[in-house]
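Single-structure report; data block below.
The values are calculated or read from the model by the stated rules, or taken from the named source; none is laboratory data. Treat the numbers as computed from the prediction; the structure is a model and nothing was measured. A quick note on method: Cβ atoms are made from the backbone with ideal geometry, for glycine too, and the neighbour counts reach across all protein chains shown.
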Amino acid sequence: SFPQRKLDFSKSKEACLNYVQDAMLQKQWERAAEFLACYVEFLEKDFSRESVGPAEIIWRMGAEILCHHPQSSIREFNSFMEQMKTLGFKRYLKVCLEHSFHLMCNGLMDEAYQNLSMAESWRFGEHATTQVKEKKLIQAYRGLLDYFNWCKQKNILLEHGQDGFEDLSVEQEMHSCFRKAAVNLQEIIKIPGVWDLFVKCYVDLLEFYGDHNEARQVLNEYAYNSKFPANPNAHVYLYQFLKRHGESKKTLISALKILHDIVPSHELMIDFNTMLQKSKKSKKRRLGLEVIFGVLDYAGWKENVKAWSCLARQIKQIIISEKHLEWIKEEWNPRKDWWPAFHFSRYLAKRNWQENESLSYAKATVAGILLGKDCKYFKHVLHQGCKAQVKRFRMLKRFVNKHNHACLRISG
Amino acid sequence: MEFPAALFPSYFATGPPQEEGGPALAAGWGEHDQVLEAGPGRREVRPRLSPPRSGRRCSGTSAVPASPCLLPTGYWVTSLEPEDILYRGVLYKKLKTGKSTATLDFTKQLSHFFVDHPEDAFGSMGQLLHQNFFLGNSQLRRRARNSSIRMTALMEEIDRLEARHGCPQQHLVPRLRWFSHICRDWLFEVPLRLLAERLHEELQLQWASLLFDDSCTGGALAWLPSKDLRTGCLVYPGRQAMNHLYFQDVVLKDLPRAQASPAEFELNGRIRQVAAARLDGEDFVGVRSDYHCGVWRVPGRMGAAPTPLQVIQTDVPASCLTVSPHLPGELAVCTQSGAIYLWSVEMGLQRLRHDTKTMFFRDHSPWRWSDFTAHPRVLSCADRTGLQCLDARAPEKCHFDLFKVGQEAGCQQGERVVLPMYLGTAHPSQHLVTTQFSVYVLDERLPMVPVLKWAHMMKDPPLFSHLTPGGSGRSHKVLLGASRTQELILLQYQGKRWGLRGGGLSACQLAGPPQKLHNIMGCLQHLPTQLPHHHHLLQQRLGAPAAGLATALQEDGPRESLLVFQLSEARDIFYQRLIHEIVEPPAPILMDEAVAAPGSSPLFETTAALRYRRWLKDFSKGHGEHPQHTRPSIFSQKRIFTRRELDMSAGLSTLHQQARQQLRQAMQEGGLIQRWDTPPPQPSLPEFLEPPGGRDTLSARLTTAWSEGWCQWSEEKSSYSMAQRQKALRERRRRQKRARGRRSLSASFTSSHTYQSELSELSDGAPLPPPLSPAALPRETANSPPPAAVLDEPLLSSQSLHCRGIPKERRKTLRDYLSVCAEEPPESPEPLGSQASQACIPLSQS
């Protein structure tokens, strides 16, 4: 009967699709291609046309297969994508964007640029919100390619400039690239999102042409606009910009302070700590201690020699000066129930000593001061260090013995 | 740890998810979505861009399926299947497509309860009344009639109702209605309404857990590697109730081999989850059952005994148990009441949060999860709507949102968190969040915005995941496993370093296309052919839902391979080996290895096959030992052979008897008649095969069964009997025509038997060959009485009954009785005999 046949037909169609999927997931691209061809035949014979699903399936699966198929070439991929673009206006921009991504990843920048320009000039009535977004992205990526062009011209010019030879046409082209890139890039970075790549390029352009105010404004907006996600990179870019332009310590510290509030485990915290230590204000030095303790809370910093040496040096300074012992105490109190197991176990003492002597030295210093000379970590490392006749370990032993009373005040 | 110098571009919006999602089957393919500079571009003249999914990579797969590793023999409790509780006729597949809603077979379950637990259902009333209910056939004496009633007729009615189950023209019997109306209020031990409510509740719970069972989230299998990566310890649940915990030392050579007998602990409930973490050279193993959680410590050296440390009990079932990778003896526990605890072996329990409501929007699921983060004092907590991070030092004040089902992560409508996992061993601040559609990699330092997203296209939501960190320059491997469909997907991702010139870390990228691994069920097709019922049992056993997942990294000289263990609910552990395959980098940036399934090393295949063979033997033996436990037996003598048939075959040739004896013996042992591993010597068929008409059907069938010619035989037989049947029908019609004149009164009484045989034919779904006149035949049988009834007609007609002095009200009973007797046909009714055997053949084959 007819309905039965229809059911069987759709069943085998589905089965065919499952075969394609299975073959793709097992990386059998040739097999997948054959099955996909079968599936297309199925679709041709199918007059029910219930949804837009199949077009998207063919686009997605076909593109993936062509990416991996041993016999496919970029030309075949291009013609496939061109066909896919005609399949529906709703997907046109998306397919264009994906096509140019593929070209970009294969190093075919010019073709990608053409593709993007074509997509940008495409008009079809009212745009849905997703299409507006896609259009903005297309524009931004075109801006990115303009920027790459600009870099190329700049390099040519710089090389030739050294020879004392100036080419006006190259310079002109470079400027036109700059204008196009700047116009295209500045659009997208106003919309909330993660635009690290575009912001970096745009700031680079602005800096080259000396428009520092605009650059600073863009970076400030990117870092501090609350509609944007809390992207640590935005703060890093701002900090690097400020540093490049020789801003005052105070500005740099305030920029890093905000980064510290968002990501206390960021790698710039070491710089932040060093900067704070050099400060004359005791409040800032206090903050520095807090920062370095905070950094070492995180598992990722557990074996970082730099961080441990920083902490060891600072604690030592405080102990020697016998001023602000309460700072250490304040930091140590909330940590004393879990730092010993986290940092100063006997197992870690053994391993650190075997793997990195400087690390074990710095950690032993901190352990000796914070936990006293009976601490397992301190005892093990010191024992090993004295056995190996390393001078600094003997000095460390003397130091801890000498300042035993201060250590007791902290741990007590 | 460093933060990537630049992230992939993406839009950021807040609010509930807007997207409807593309076709689920292809959602993860063909999309770059975004690209990023693949190196410090400024220094290069020609910048290179890379997508979040760096593609070009190839690797081989093989047809070798998962191989058995530790297979307990013997009986296992099959899990509930949709057919068990659904109203019959509703197919699960149809349900899945959403074309019809589930209809739970409530009445069947209730009647099961009454039959299986009569004491609980009617205990006291039954005792009080049993003297007043008379079940015999004789008339009640006058004196007894005052205090007791006859229930025989009622019982018969009930039996008849059972026989007519599913009939659209079911007549309600007034006597039954009357009885139930009178008794409904007082007969039951538990008030019927209450009982029904409870049962319905339970049924719905069972149905919900059939659709999606989250109690085993996390998986109940763990691998504790040793230092040299050649040995390790497998931790898994065992015994029929899955309430025994085993620590089995395993040596990884060509095959993983169990060494010595395992350490065994008996627990107080079914083990749902086994979680493990390595800390300071020791392993901490957390075990979760519904109301108990326990923690064990396993010393690093091989053969050292695990020591139980502590057990906690919860009032509400626990839904999560994770072991801290930072501090020894610390665990996170969640219960279904919405409470999250930090459990320290030394300090005891600390409640961090108690909230029955979900975090971001309302969702009915009581499931909660918690895991650790880069900061040892900060825990992540999750429900179906998203993830938050809590500071254990000040849980009320300090928390931030890590992931939310919404536009921030580009989620789809209806998407829910299924399994979060801390990826600490690969990168200290990364988390994996899987939903039923996608996998997300999140960085704590940039919450809400996933650093990697991929639609996994799995048919069932992934309940198990396992991370194998990549180490120096290698990609990290994440395995995702589903429970019901046993799917296994391998994903590789990485955050590479850009050279040594201080380039920094690149953003997270998927390395190569995802790969599907073999599942347990897949090995069925590689097994030797089995007898149909063994095949069915095997299928059931191998198709049991997966219950856990673990991987072991094995270093064997220069070759490095990954062993993937999969545990099923039938307690079987299967493994497969993935070998690293260094692929020549097609582009200078894309350099890392891909993973391939094992090549077809002959050793591997034979050893695996040997293991299978041994297991199969034990498997079939195990089923022989517990015949009372197996599924309702497929062969039922009562239904296949009538006594007469058996008697007739008694005095046959000695060869036949021999064959019968052997068949019986084989059936008793549950073994095979022919071994699958040796090519069977073909018995010479022509000697035994006689035309079916010459011998009785049973002996012919047995003979052919002996020589494996069943299907053919049944085909022949059925076509032969078709012809015979048609002949009989024609004959009957002729007789009917003759009889029509005098039989007009009794015609209506004889339908019950016809109906019965009709039903058994239909319900068996036997592939009957098409009758010669397809439209005419069924109508014929429905309208006219079968030959047996016609033969008895003079006896059954009410006039003749009246003549014999049988009272009017008993005539019907007698007629029924006689019609049942007629089911066992007298001497010559071939049509009926063949009909019966026809109906049996497909039964025994199914």
Under 7 Å between Cβ atoms, at least 6 apart or on separate chains: pull out the pairs that start in the stretch B:105-117 with a residue that is of a type in the set (S, T, N, Q) and end on any residue that is assigned to a helix (DSSP H, G or I). B:Q109/B:I85; B:Q109/B:L199; B:Q109/B:L203
Test each condition in (1) in contact (Cβ under 8 Å) with a residue 12 or more places away in the chain; (2) part of a loop (DSSP other than H, G, I, E, B); (3) more than 14 Å from chain A (Cβ to nearest Cβ) for B:K459 and report the one that comes out false. (3)
If we scan the stretch B:397-406, do we find a residue that is without any contact (Cβ under 8 Å) to a residue 24 or more places away in the chain, part of a loop (DSSP other than H, G, I, E, B) and not small (G, A, S)? yes
Has the stretch A:312-334 got at least one residue that is touching a residue at least 24 places away in the same chain (Cβ under 8 Å), exposed (fewer than 14 other Cβ atoms within 10 Å of the Cβ) and more than 14 Å from chain B (Cβ to nearest Cβ)? yes
Filtering the stretch B:417-437 for residues that are within 14 Å of chain A (Cβ to nearest Cβ) and assigned to a strand (DSSP E or B) leaves a count of 3
Those residues of the stretch A:183-231 which are more than 14 Å from every other protein chain (Cβ to nearest Cβ) and of a type in the set (V, I, T), in sequence order: A:V183, A:V218
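Taking helices (runs of 4 or more DSSP H) that do not extend beyond the stretch B:131-237, which have at least 3 residues that are touching a helix residue (DSSP H, G or I) at 6+ places or on another chain (Cβ under 8 Å) and in contact (Cβ under 8 Å) with a residue 12 or more places away in the chain? First the steps, then the outcome.
Values: elements: B:142-145, B:152-163, B:174-183, B:192-211.
Here the list reads B:152-163, B:174-183, B:192-211.
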The stretch A:164-194, residues that are outside any helix (DSSP H, G or I) and farther than 29 Å from A:N231 by Cα: A:G164, A:F165, A:E166, A:D167
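From the list B:T373, B:T425, B:T356, B:T385, which residue is within 28 Å of the chain's Cα centre (by Cα) and among the hydroxyl-bearing types (S, T, Y)? Give the steps one after another, and end with the answer.
Values: B:T373 fails: within 28 Å of the chain's Cα centre (by Cα); B:T425 fails: within 28 Å of the chain's Cα centre (by Cα); B:T356 fails: within 28 Å of the chain's Cα centre (by Cα).
Result of the check over B:T373, B:T425, B:T356, B:T385: B:T385.
I'd like to check which helices (runs of 4 or more DSSP H) are fully inside the stretch A:228-293 and have at least 1 residues that are closer than 22 Å to A:L311 by Cβ, under 24 Å from the mean Cα position of the chain (by Cα) and of a type outside the set (K, R).
Numbers: elements: A:232-244, A:249-262, A:269-278.
In the stretch A:228-293, the matching helices (runs of 4 or more DSSP H) lie at A:249-262, A:269-278.
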Is it true that some residue in the stretch A:50-59 is more than 11 Å from every other protein chain (Cβ to nearest Cβ) and out of contact with any His (no Cβ under 7 Å at 6 or more places or on another chain)? yes
Out of all the residues in the stretch B:368-396, which are more than 14 Å from chain A (Cβ to nearest Cβ), more than 19 Å from A:L296 (Cα to Cα) and outside any loop (DSSP other than H, G, I, E, B)? B:W369, B:S370, B:C381, B:A382, B:D383, B:G386, B:L387, B:Q388
Pick from B:D371, B:D363: which is of a type in the set (D, E) and touching a residue at least 60 places away in the same chain (Cβ under 8 Å)? B:D371
So B:Q248 ticks every box in (1) in contact (Cβ under 8 Å) with a residue 40 or more places away in the chain; (2) under 22 Å from the mean Cα position of the chain (by Cα); (3) under 20 Å from B:W296 (Cα atoms) but one. Which box is left unticked? (2)
Residues of the stretch B:261-281 being more than 28 Å from B:R368 (Cβ to Cβ) and out of contact with any strand residue (DSSP E or B) (no Cβ under 6 Å at 6 or more places or on another chain), in sequence order, are B:S261, B:D280, B:G281
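In the stretch A:393-403, how many are part of a helix (DSSP H, G or I) and either surrounded by 14 or more Cβ atoms within 10 Å (Cβ to Cβ) or of a type in the set (G, A, S) (or both)?
First, the residues of the stretch A:393-403 that are part of a helix (DSSP H, G or I): A:393-402.
Still in the running and either surrounded by 14 or more Cβ atoms within 10 Å (Cβ to Cβ) or of a type in the set (G, A, S) (or both): A:393, A:396-397, A:399-400.
Residues in the stretch A:393-403 being part of a helix (DSSP H, G or I) and either surrounded by 14 or more Cβ atoms within 10 Å (Cβ to Cβ) or of a type in the set (G, A, S) (or both): 5 in total.
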Residue under question is B:S226, and the condition is that it be within 21 Å of B:L279 (Cβ to Cβ) and either among the polar types (S, T, N, Q) or under 18 Å from the mean Cα position of the chain (by Cα) (or both); does it hold? yes
Checking B:L479, B:L467, B:L488 in turn, the sole residue that is within 18 Å of the chain's Cα centre (by Cα) and at pLDDT 85 or above turns out to be B:L488
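Looking at B:V251, B:V235, can you tell me which residue is buried (at least 17 other Cβ atoms within 10 Å of the Cβ) and of a type in the set (V, I, T)? Before the answer, list the steps.
Details: B:V251 fails: buried (at least 17 other Cβ atoms within 10 Å of the Cβ).
Result of the check over B:V251, B:V235: B:V235.
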B:A382 is checked against (1) out of contact with any Lys or Arg (no Cβ under 8 Å at 6 or more places or on another chain); (2) buried (at least 23 other Cβ atoms within 10 Å of the Cβ) and fails just one. What number does that condition carry? (1)
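Quick one: would you say A:E64 is within 10 Å of chain B (Cβ to nearest Cβ) and over 19 Å from B:F8 (Cα atoms)?
On the way: within 10 Å of chain B (Cβ to nearest Cβ): yes; over 19 Å from B:F8 (Cα atoms): yes.
When the stated conditions are applied, A:E64 passes them.
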Restricting to the stretch B:14-53, name every residue that is modelled with pLDDT of 60 or more, part of a loop (DSSP other than H, G, I, E, B) and within 7 Å of chain A (Cβ to nearest Cβ). B:G22, B:P23, B:L25, B:A26, B:W29, B:G30, B:E31, B:H32, B:V35, B:P51
Based on this model, can you work out whether A:E357 counts as farther than 22 Å from A:V381 by Cα and either basic (K, R) or surrounded by fewer than 21 Cβ atoms within 10 Å (Cβ to Cβ) (or both)? no
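Going residue by residue through the stretch B:85-101, is there one that turns out to be surrounded by fewer than 15 Cβ atoms within 10 Å (Cβ to Cβ), over 30 Å from B:F565 (Cα atoms) and modelled with pLDDT of 65 or more? First the steps, then the outcome.
Here is the first cut: in the stretch B:85-101, the ones surrounded by fewer than 15 Cβ atoms within 10 Å (Cβ to Cβ) are B:87-89, B:91-94, B:96-101.
Subsequent filtering for residues that are over 30 Å from B:F565 (Cα atoms) retains B:87-89, B:91, B:94, B:97-101.
After this cut, where a residue has to be modelled with pLDDT of 65 or more as well, the list is B:87.
Yes, because at least one residue in the stretch B:85-101 is surrounded by fewer than 15 Cβ atoms within 10 Å (Cβ to Cβ), over 30 Å from B:F565 (Cα atoms) and modelled with pLDDT of 65 or more.
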